[in-house]
1. Please identify, among 179, 251, 203, the residue showing maximal mean-square fluctuation in a Gaussian network model of the chain using a 10 angstrom Cα cutoff.
2. Can you give the helix-only mean residue ellipticity at 222 nm for the chain, where every DSSP H stretch with n ≥ 4 adds -39500 (n - 2.57) and the sum goes over all residues, rounded to the nearest 500 deg cm²/dmol?
3. Using r as the Cβ-Cβ distance of residue 62 and residue 279, and R0 as 30 Å, what FRET efficiency do you calculate, to the nearest 0.05?
4. How much length would be gained if the chain were fully extended between residue 183 and residue 152, taking 0.36 nm per residue of separation minus their Cα-Cα distance, in nm to one decimal?
5. Given points 7 Å out from each Cα along the Cα-Cβ axis, report the residue 134 to residue 246 separation in nanometres with one decimal.
6. What residues from the stretch 225-264 fall in the zone where the backbone N is under 20 Å from a label point 7 Å along the Cα-to-C-beta line of residue 287?
7. Where nothing but the Cβ of Lys and Arg (+1) and of Asp and Glu (-1) is charged, how large is the charge dipole of the chain around its Cα centre, in debye to the nearest 20?
8. Quick check for you: with a 1.4 Å probe and neighbouring chains kept, what is the accessible area per residue of the stretch 226-319, in Å²?
Amino acid sequence: MKRIAVLTSGGDAPGMNAAIRAVTRVGIYRGLEVVGIRRGYEGLLEGDAIPLTQSSVGGIIHHGGTILRTARSERFKRSEGVTEGFTRLKEMDVDALVVIGGEGSFKGAWELEKRGFPTVGVPGTIDNDCAGTDETIGYDTAVNTALEAVKKLRDTASSHDRLFIIEVMGRNSGFIALQVALAGGAECVLLPEVPLDVEKVCQKLNYAKRRGKTHSLIIVAEGVMSAQELAGKILDTGGYESRITVLGHIQRGGSPTAFDAVLGSRLGAHAVEALLGGKSGVMAGVTCGQVTTCPLPETWENKKRPDLSLLELLNALSI
Ligand code: F6P
């Protein structure tokens, strides 16, 4: 193996730059040439590639977003798109590809692998919904970003004796919502993994009000429903005047936390080592503190769920 390529695909996540830097620097250190493909699979289809050097990835470890930019490619979901991508990679004279992204990106990587092109995945998504790794790159930063916002909302909620319904990202997963709710001292959290019980939410709000709590916070994962829709369902707020806030894409931006910068560095490096060790069709992950690899299809076939015992803990702490 002489030359490898790296791309970022799907939603950006803080810490992706640390992973790009690690792929590049470890690759060069191990005698490889490294090429960066811009705008994910879309850029691949257009042959949009740049050489990456030790210095071109300097000063990026603490930057949010991805220097390679990213895209959600509809064309690459089709068989002809994958075949075209395979041809472009051959034209670029690269021997293997590192894909930094989430489930959709890994499905694309697996299609290339099945056609005989060695690929390794690095989990980069704020949603933390990839099996085969305890955390994905960007999740920790997103949780901390959302938590900062929740703390600010608590200030105004308590000043006005209000209920705030706060919608967080996560697609179909409740990892961000649960973590933010627990760390932010919310009264309720609604997760896609747990059937919605509006009656219980109303009871909780009433109980909080009777107990003398002057304000309340509900965190709702976007995979359950929007904050707006939920507000329409909570007909009895226990007397609290309510407001809604959608945190939105702010959760994807900002400098990575130390945890994500380190995770991105470790996983980027491990992806290169896996390729050099003859492994492909796998994702680099961290399990119980150790770097590991698992077959790409397992990352989406084995559904990863948040630890629901934390939900019980939240219920106990918020009464
Ligand atoms: O997968 C990351 C994520 O931010 C999800 O949490 C969210 O549902 C989605 O991407 C939003 O995608 P887009 O940026 O395309 O609107």
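1. Per the Cα network of the chain with a 10 Å cutoff, 203 tops the list.
2. -12500 deg cm²/dmol
3. For residue 62 and residue 279, the calculated efficiency is 0.50.
4. 9.8 nm is the gain from fully extending residue 183 to residue 152.
5. The two pseudo-label positions are separated by 3.5 nm.
6. Taking a point 7 Å out along Cα→Cβ of residue 287, the residues of the stretch 225-264 whose backbone N falls under 20 Å are 263-264.
7. Computed about the Cα centre, the dipole is about 320 debye.
8. With the other protein chains kept in place, the stretch 226-319 gives 50 Å² per residue.
The values are calculated or read from the model by the stated rules, or taken from the named source; none is laboratory data. Please read these numbers as outputs of a predicted model, since none were measured by experiment. Cβ coordinates were reconstructed from backbone atoms using ideal geometry, including for glycine residues, and neighbour counts include every protein chain displayed. Note: areas computed on protein heavy atoms with side chains; ligands, DNA, RNA excluded. Shrake-Rupley method; radii C 1.70, N 1.55, O 1.52, S 1.80 Å.
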